[in-house]
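Taking it in order: structure first as C-alpha cells, then the write-up.
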Amino acid sequence: MAQDHPRPLREHLEELRWRLLACVLALILGAGISVAFFRQVIGTLLIPAQRQLSGAGTPIFTEVGELLGVTVKVGLLGGIILALPMITYQIVRFIAPGLTQKEKRWFLAMIPATFLCFLAGIGFAYFILLPPVLRFLLTFGADVATPMIRIGNYINVVATMLFWMGLVFETPLIMFVLARMGVVSPKTFSSGRRFAIVLAFALGAVITPTFDPINQTLVAIPLILLYELGIWLAKLGHHKE
C-alpha cells in the first residue's frame, strides 16, 4: 500500500502544533476531572497505608500551601492517566503518513494497549508494591518515634511509584515498536538480557524509597519478566515484516 504524498515542512509543523494543543487540552481536562474528585482520589491513595500514617488514620500538613501543592500533583497524575489514550492517538496520527496501511493498523491497535499497560503498572504498584513498602517505612522504628506523615511527602512517594511503574510497564510495547520499525532486532534484545537484569535492579533501587532488597526485588522481577515478554513481542513483530 502506497504511503501518503510528501508535504511541505510548514504543513507538518502546523499539524504538530494542533496535535500538541489537543494533547494539552486532554491533559487539562483529565486534571480537572481528577481535581473535581480530589477527596475520592486522596482516599484511594491512602488505602495502601491502612491506618499507619497517624493516630487518626490520616496524614497531616504543616505548610500553608502544602495541600494546594498536593492537589496540583494529584490533578497532574490523574490528567496524565486520563489523557494517555488521546496523547497516544495524536502521536500515532502524526507519524501515520509515513506508514503503510498495515503499519497504521498495528499502531492504532497500540492506543488501547498503551493505556492498558499503563493501568497494569499502576495496579501492580498500588496492590502489590505499595502495601509492603509503606508498611516497612511507617513501622520501622515505631517504638522510637510516632509517625506523623505529611500529606505532601506521602503523595510524593505514592505518586512517584505509581507513575514510574505505569511507565516501565510500557517496556514490551516499546520493544515491539522498535522491532516492528526495524530499529532494534530481537537478537539485539536477547543479547542485552544481562544488562536488562542489572538495569531492572537499578531501577528497583531508584523507584522504591526503601533500601531493603526485598522491596527492590518486588520491582526488579516484574521488570525482568516484562523484558522477556518484550523479546517475545519483538520476535512476533519482526517476523511479520
Nothing charged except the Cβ atoms of Lys and Arg (+1) and of Asp and Glu (-1): what's the magnitude of the dipole of the chain about its Cα centre? Round to the nearest 20 debye. 560 debye
Please give the calculated 222 nm ellipticity per residue for the chain, where each DSSP H segment of at least 4 residues contributes -39500 (n - 2.57) and the sum is spread over every residue; nearest 500 deg cm²/dmol? -25000 deg cm²/dmol
Hey, rough spin-label estimate for Arg150 and Ala120, points 7 angstrom out along Cα→Cβ, what's it come to in nanometres? 3.7 nm
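List the relative contact order of region 10-120 as a percent without decimals, with contacts defined as Cα pairs under 8 Å and 6+ residues apart.
Computed value for region 10-120: 38 percent relative contact order.
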At a 10 Å Cβ-Cβ cut-off, how would you order Val35, Val157, Val24, fewest neighbours first? Val24, Val35, Val157
If you take Kirkwood radius over Cα pairs in Å from the coordinates, which of (i) 20.2; (ii) 19.4; (iii) 17.9 do you get? (i)
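FRET efficiency for Thr188 and His12, Cβ-Cβ distance as r, R0 = 30 Å, nearest 0.05?
0.50
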Label-point gap, in nm, between Arg93 and Leu20 - each point 7 angstrom along Cα→Cβ: 1.7 nm
Could you work out the relative contact order of the chain? I mean the mean sequence separation of Cα pairs under 8 Å and 6+ apart, divided by the number of residues, in percent. 22 percent
Let me spell out the model: positive unit charges on the Cβ of Lys and Arg, negative unit charges on the Cβ of Asp and Glu, origin at the Cα centre of region 1-119. What dipole size does that give, in debye rounded to 20? 260 debye
How long is the gain from Leu67 to Ala109 if the chain were fully straight, where each residue apart is worth 0.36 nm and the alpha carbon distance is subtracted? 11.2 nm
Under a cut-off of 14 Å between alpha-carbon atoms, report the aspartates and glutamates in cross-link reach of Lys104, not counting same-chain residues fewer than 8 places apart. Asp4, Glu241
Electrostatic dipole magnitude of region 93-164 [Cβ: Lys, Arg +1; Asp, Glu -1; Cα centre; debye, to 20]: 400 debye
Under 19 Å from a label point 7 Å along Cα→Cβ of Leu167: give me every residue in region 64-87 with its amide N that close. 72-87
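Computed from the coordinates by the stated procedures, all read-outs in this text should not be read as laboratory data. Because the structure is predicted, anything quoted here is derived from the model rather than measured. Virtual Cβ from ideal backbone geometry, glycine too; neighbours counted across all protein chains shown.
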